[in-house]
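The block underneath contains the structure these notes are about, expressed in structure tokens.
The values are calculated or read from the model by the stated rules, or taken from the named source; none is laboratory data. In this text, all values refer to a predicted model and were calculated from it rather than measured experimentally. Ideal geometry is used to build each Cβ from the backbone, glycine not excepted, and the neighbour counts take in all protein chains shown. With ligands, DNA and RNA removed, areas are computed over all heavy atoms of the protein, side chains included. Shrake-Rupley method; radii C 1.70, N 1.55, O 1.52, S 1.80 Å.
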Amino acid sequence: METISKIELRNLQIEDYLELRSSMIEAYSDLKDDPWREHEIEKLLTIFPQGQLVVLVDEKVVGCALSLILDEKDIDDNHTYEEITGNYTFSTHNSQGNILYGIDVFIHPKYRGLRLGRRLYDKRKELTEQLNLKAIVFAGRIPNYKKYADDISPKQYIEKVRMKELFDPVLAFQLSNDFHVKKIMKNYLEGDTHSLDYAVLMEWNNIYYDKSPKLINSEKSIVRLGLIQWQMRPLKNLDALFEQAEFFIDAVSGYESDFALFPELFTAPLMADYNHLNEADAIRELAKYTEPIHQKFKEFAISYNINIITGSMPNIIDGNLYNSGFLCKRDGSSEMYTKIHITPNEIAHWGMKGGDVIKTFDTDCGKIGIIICYDVEFPELSRLLADEGMQILFVPFLTDTQNGYTRVKSCSQARAIENECYVAIAGCVGNLPRVNNMDIQYAQAAVLTPSDFAFPNNGIKAEATPNTEMTLLVDVNIELLKELHEHGSVRILKDRRTDLYEVRKK
């Protein structure tokens, strides 16, 4: 895959037309239809601007999703594409209707495989909830049916695709995105010879639909965290590490996690090749992998549509050795964070230095903080992040003994309580007998909460099994934090005596 710097999903603008047209021609090379004309796109933007979506890769339009609002009583089970679009005039659009009707979705062939279509579908679902619409409906093509039409009916074909006995790129994708088949339609889209003019009427139901006019809150309140409890094991090379990492990213993104959290120094198995060197030289050799790992994880964040916190790895900057990690966002951008507080062992064995940047990170799920292991034992650091609006604190860690882990967990629980935020911690387990100073590990990933009536009594939302390789998937409710800040039994952030003391950056 080519290097991608940024992915953006936003509403379509008329200035996007030429790029939209170019991508559409490539996407529909198997159809005879002409691409959308500029005046048609302009009409869509006039009547329903929020329903027209585009996805951009490095500022170039590579896909789109176009839609109308219709009333369910106006959607006949045997309609054609021309009928549903008012012969391409969009006169059928009804702003008072209760159905989001999809009239087009496509991705430029060069950018398929990056799950960009799923982003468009997810945004449509989000829009449907925000507008309090009952469902999404559209008629989808079945372009592979032509290959099997002599042997099976459209109904049999759909069932075989559903059971994964056959593959159809359009239908399989729609089924995997929670759409169900309502009806098989004939002569829906003239000229679709690959589908033999058949189409499948698909539907996704909005479970939050309310017949009352009240709209669903548009802010994302539930954030899903995917914590990776990483088994230290010998790895032959960097590709082996990527293969193992992608396995976990695929797993947590498959459950639609918003974040994947890796542990501190999870790349240590690659240091086995340098065991003949002293510890300080060996970890500097390991640092040579840091930038390739950074770039690969940026690709993973894009292709799996997930924000990845890369734990940490040794990083040489201007000749100095640091312990750094990267927040790789699903829009293709990334930001670095660095361990501030260095343990005595890290100084003595590796000559590591502490970073000097304290900051929060803006994400599509709110404002987060990331600190590394020992950092969580210094309450001032997390308090500074809380003052900047942090809602979730991520703590990748690496501890070799249970007492070391106890320090990390106990301090993380304190940070959750005193800063009225969620804290997610993830570490490595297992052993590396051929790697000096990294031979044993102890960990138990967890998501920790404030302590009040809306949260678990023990302040623990979920925990992994100790010392076992696994993932931990946890939903956290951001709205509960807002309620806690204003109406909690105690209001720690509000009740500080800032007239007597303060914590501030220098």
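Solvent exposure of the stretch 16-79, expressed per residue, is 48 Å² of accessible area, with all protein chains present and a 1.4 angstrom probe.
The 1.4 Å probe gives accessible areas that order Asp74, Asp258, Asp34, largest first, as Asp34, Asp74, Asp258. On the principal axes of its alpha-carbon atoms, the stretch 86-201 has extents of 44, 32, 26 Å, going from largest to smallest. In order along the stretch 295-309, the Karplus-derived 3J(HN,Hα) couplings, from 6.51 cos²θ - 1.76 cosθ + 1.60 at θ = phi - 60°, round to 5, 5, 5, 4, 5, 4, 4, 6, 6, 9, 6, 8, 7, 10, 9 Hz, and Gly and Pro are given as x. Of the accessible area of the chain, computed with a 1.4 Å probe over protein heavy atoms only, carbon and sulfur atoms account for 48 percent. Antiparallel beta bridges, as assigned by DSSP with both residues in the chain, represent about 75 percent of the total such bridges. Residues whose amide H falls under 5 Å from that of Asp475, counting only those 5 or more places apart or on a different chain, are Leu225, with hydrogens built in the peptide plane.
For Asp197, the amide hydrogen comes within under 5 Å of the amide hydrogens of Asp192, counting only partners 5 or more places away or on other chains and with H modelled in the peptide plane.
A 18 angstrom limit on the alpha carbon distance is what I want to check against. Which of Lys60/Lys110; Lys125/Lys298; Lys134/Lys211; Lys409/Lys461; Lys296/Lys329; Lys60/Lys367 exceed it? Pairs exceeding the cut-off: Lys125/Lys298; Lys60/Lys367. Computed from the C-beta positions of Ile47 and Lys110 and an R0 of 41 Å, the FRET efficiency is 0.85 to the nearest 0.05.
Peptide packing for 8-21, 110-123 was compared via the average number of neighbouring C-beta atoms within 10 Å per residue; ordered from the highest value, the list is 110-123, 8-21.
Residues in the stretch 103-153 average 41 Å² of solvent-accessible surface per residue, probe 1.4 Å, ligands and nucleic acids excluded.
Sort the following peptides by mean Cβ neighbour count (other Cβ atoms within 10 Å, averaged over residues), highest first: 334-343, 224-233. Don't skip to the end; give the middle numbers.
Details: 334-343: 18.9, 224-233: 24.3.
Result, highest mean Cβ count within 10 Å first: 224-233, 334-343.
From the Kirkwood radius over Cα pairs of the stretch 297-401, Stokes-Einstein at 4 °C and 1.567 mPa s returns a whole-number translational diffusion coefficient of 90 µm²/s. Under 13 Å of direct C-alpha separation, and excluding same-chain neighbours fewer than eight residues apart, Lys505 reaches these aspartates and glutamates: Asp356, Glu380, Asp387, Glu388. Amide H to amide H distances under 5 Å link Met202 with Phe138, Ala139, Gly140, Lys182, where only residues 5 or more positions off or on other chains count and H is placed in the peptide plane.
Over the stretch 313-424, accessible surface divided per residue gives 35 Å², non-protein components excluded, 1.4 Å probe. Phi angles across the stretch 78-94 convert, under the Karplus curve 6.51 cos²θ - 1.76 cosθ + 1.60 with θ = phi - 60°, into 3J(HN,Hα) values of 10, 6, 10, 5, 4, 5, 6, 9, x, 6, 6, 9, 6, 5, 7, 4, 9 Hz, Gly and Pro given as x.
Per-residue ellipticity at 222 nm from helix content only, as computed over the chain with -39500 (n - 2.57) for each DSSP H run of at least four residues, stands at -8000 deg cm²/dmol. When peptides 407-418, 479-490 are ranked by their average number of other Cβ atoms within 10 Å per residue, the highest-first order is 407-418, 479-490. Straight Cα distances below 22 angstrom link Lys146 to the lysines Lys32, Lys155, Lys160, Lys164, Lys182, Lys183, Lys186, with same-chain residues fewer than 8 positions distant left out. Derived scalar couplings between HN and Hα for the stretch 202-209 equal 10, 8, 10, 8, 7, 5, 8, 4 Hz in order, rounded to whole Hz, by the Karplus curve 6.51 cos²θ - 1.76 cosθ + 1.60 (θ = phi - 60°), x for Gly and Pro. Between Ile302, Phe326, Pro269, the Cα set farthest toward the positive side of the dipole of the stretch 264-346 (charges on each charged residue's Cβ, about the Cα centre) is that of Ile302.
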